[in-house]
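What follows is one structure encoded as structure tokens, with my remarks underneath.
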Amino acid sequence: MELTEESIDFYANDTHPGRIIEACWRLSQKGRQPADEWRDGWYYALRRWAHMLGYGVGDAMLANTAAAMAHERRQTGRLEIATSG
């Protein structure tokens, strides 16, 4: 995942992580600083946090999906055992 001006709106949504991603991204904007000063500054570092948080959101979605699938498999297995005997 790479956050860009085009993709930020997908991750910056109305969830808690989404609001943090948006805040980090918006605060990291260049403004009127020269490019070298901007990249060396504290606000640019917030862009890296936005990326890190974006990865966490994706990981959480994958973990929740995997947990739901495992739960469904257990339930199906239990139902098969209960109805086969």
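Overview of results
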item	result
Unique match (being exposed (fewer than 12 other Cβ atoms within 10 Å of the Cβ), modelled with pLDDT of 80 or more and of a type in the set (Asp, Glu)) among 2, 6	6
Number of positions in the stretch 17-40 that are of a type outside the set (Asp, Glu) and modelled with pLDDT of 75 or more	12
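The values are calculated or read from the model by the stated rules, or taken from the named source; none is laboratory data. Here the structure is a predicted model, which is why all the values come from computation and not from measurement. With ideal geometry, Cβ positions are generated from the backbone for all residues, glycine too; neighbour counts draw on all protein chains shown.
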